Amino acid sequence: MSFETILVETRGAVTLVRLNRPQALNALNSQVLGELITAFAAYDADASQRCLVITGSEKAFAAGADIKEMSTQSFADMYGGNFFAGYDHVTATRKPWIAAVSGFALGGGCELAMMADIIIAAENAKFGQPEIKLGVTPGMGGSQRLVRAIGKAKAMEMCLTGRMMDAAEAERSGLVARVVPTDQLLDEALKLAETIAGMAPLAAIAVKEEVDAAFEMTLKEGVRFERRLFHSLFGSADQKEGMAAFVEKRPGNWTGK
Ligand code: HXC
């Protein structure tokens, strides 16, 4: 696979994706989206890969959707072309992925980070939904995922004013799992990814499905869904292996079966 706007490498069982449009602070244009869809689908399909980290540069995770690409578009272009719908392919990724955010995560950049299963932030990270300053609204899920992540009060304030939230506030508000020193962001994100990659693969997919279901289901439905997935894992070799490994005081040797 060859890409122009992202860099993709594998490190053991971890796929590392770097947004790579430094001249535009990693603004997300259609080419970036197309390449992300291909890279994420390849990750999901490759049984040797068990976690993915997406990151940007130190200055910017991504400063938004590409304003220059959007500026001359008409309603018919956007609505008729279902602009941004391609991100549904990214969020359809079944295996876990982490956004490692340094610098600006604005507009679509913040929204892409919020599509991840976990956000880990550098101390210099800044999150925001400044679309209102451009005369539009969030368009890649920001008005929905931000409310779910940090609640209505702060989400409404951020979307109505476009103000940025720093890393400390983002951690306090529940937007990010952890804040780390800026120069350690990638190492920490890769360590976290390796930890997740070391878990039983089917259980990792199931955990992700269950936690995501909490946003879609009532408590009663969600608990039932969780229980059924839990039951189903007793049909896997990795459940036998994991429990035997505990009893024998050794690490589990997963097959993903
Ligand atoms: C296209 C962008 C861009 C973007 C930055 N650039 N953000 N190009 N789309 N979203 C480009 C600049 O035009 C500039 O290119 C280069 O990147 C460096 O940016 P500067 O502005 O010179 O850097 P700096 O002064 O450090 O300011 C950083 C910044 C600022 C505060 C992040 O760039 C900024 O405000 N960017 C826009 C943030 C934003 O509004 N994001 C939301 C986008 S809309 P040149 O060629 O001039 O050197 C969105 C919503 C999607 O995401 C859904 C609704 C439609």
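Any residue at all in the range 212-233 that is touching an Asp or Glu at 6+ places or on another chain (Cβ under 9 Å), assigned by the TED database to the domain that holds Ile150 and of a type in the set (D, E, K, R)?
Among the residues of the range 212-233, not one is touching an Asp or Glu at 6+ places or on another chain (Cβ under 9 Å), assigned by the TED database to the domain that holds Ile150 and of a type in the set (D, E, K, R), which makes the answer no.
Of all residues in the range 30-43, which are crowded, with 17+ Cβ neighbours inside 10 Å and either away from the ligand (no atom under 13 Å from the Cβ) or outside the structural domain of Ala85 (by the TED database) (or both)? Can you show your working first?
Step one: of the range 30-43, the residues crowded, with 17+ Cβ neighbours inside 10 Å are 32-33, 35-37, 39-40, 43.
If the condition is that a residue be crowded, with 17+ Cβ neighbours inside 10 Å and either away from the ligand (no atom under 13 Å from the Cβ) or outside the structural domain of Ala85 (by the TED database) (or both), then Glu35, Leu36, Ile37, Ala39, Phe40, Tyr43 are the ones that fit.
Does the range 1-27 hold any residues that are of a type in the set (Gly, Ala, Ser) and assigned to a loop (DSSP other than H, G, I, E, B), and which are they?
Ser2, Gly12, Ala13, Ala27
Taking the criterion of being closer than 26 Å to Lys126 by Cβ, out of contact with any strand residue (DSSP E or B) (no Cβ under 6 Å at 6 or more places or on another chain) and aliphatic (A, V, I, L, M), would at least one residue in the range 163-179 satisfy it?
Yes, because at least one residue in the range 163-179 is closer than 26 Å to Lys126 by Cβ, out of contact with any strand residue (DSSP E or B) (no Cβ under 6 Å at 6 or more places or on another chain) and aliphatic (A, V, I, L, M).
Please give the helices (runs of 4 or more DSSP H) falling wholly within the range 51-159 in which 1 or more residues are touching a Leu at 6+ places or on another chain (Cβ under 7 Å) and more than 8 Å from the ligand (Cβ to nearest atom).
Numbers: elements: 67-70, 87-91, 108-115, 142-150.
In the range 51-159, 87-91, 108-115, 142-150 are the helices (runs of 4 or more DSSP H) which contain 1 or more residues that are touching a Leu at 6+ places or on another chain (Cβ under 7 Å) and more than 8 Å from the ligand (Cβ to nearest atom).
Could you figure out which of (1) under 24 Å from Glu209 (Cβ atoms); (2) surrounded by fewer than 22 Cβ atoms within 10 Å (Cβ to Cβ) isn't true of Arg163?
(1)
Condition first: charged (D, E, K, R), in contact with a helix residue (DSSP H, G or I) (Cβ under 8 Å, 6 or more places away or on another chain) and in the same structural domain as Met140 (by the TED database). Can you find one or more residues in the range 20-29 that meet it? Don't jump to the end; show me each part of the working.
Let us first name the residues in the range 20-29 that are charged (D, E, K, R), namely 21.
In the following step, the residues that additionally are in contact with a helix residue (DSSP H, G or I) (Cβ under 8 Å, 6 or more places away or on another chain) were identified as 21.
The next check asks that each one be in the same structural domain as Met140 (by the TED database); those that pass are 21.
Yes, the range 20-29 has at least one match.
Filter the range 187-208 down to residues that are hydrophobic (A, V, I, L, M, F, W, C) and within 25 Å of Leu146 (Cβ to Cβ), then give me how many there are. Spell out how you get there, then give the answer.
Pass one, the range 187-208, residues hydrophobic (A, V, I, L, M, F, W, C): 189-190, 192-193, 196-197, 199-200, 202-207.
Now drop any that are not within 25 Å of Leu146 (Cβ to Cβ), which leaves 189, 192-193, 196, 207.
Of the residues in the range 187-208, 5 are hydrophobic (A, V, I, L, M, F, W, C) and within 25 Å of Leu146 (Cβ to Cβ).
The values are calculated or read from the model by the stated rules, or taken from the named source; none is laboratory data. All values reported here derive from a predicted model rather than from experimental measurement. Cβ sites come from the backbone with ideal geometry, for glycine too, and all protein chains shown count toward neighbours.
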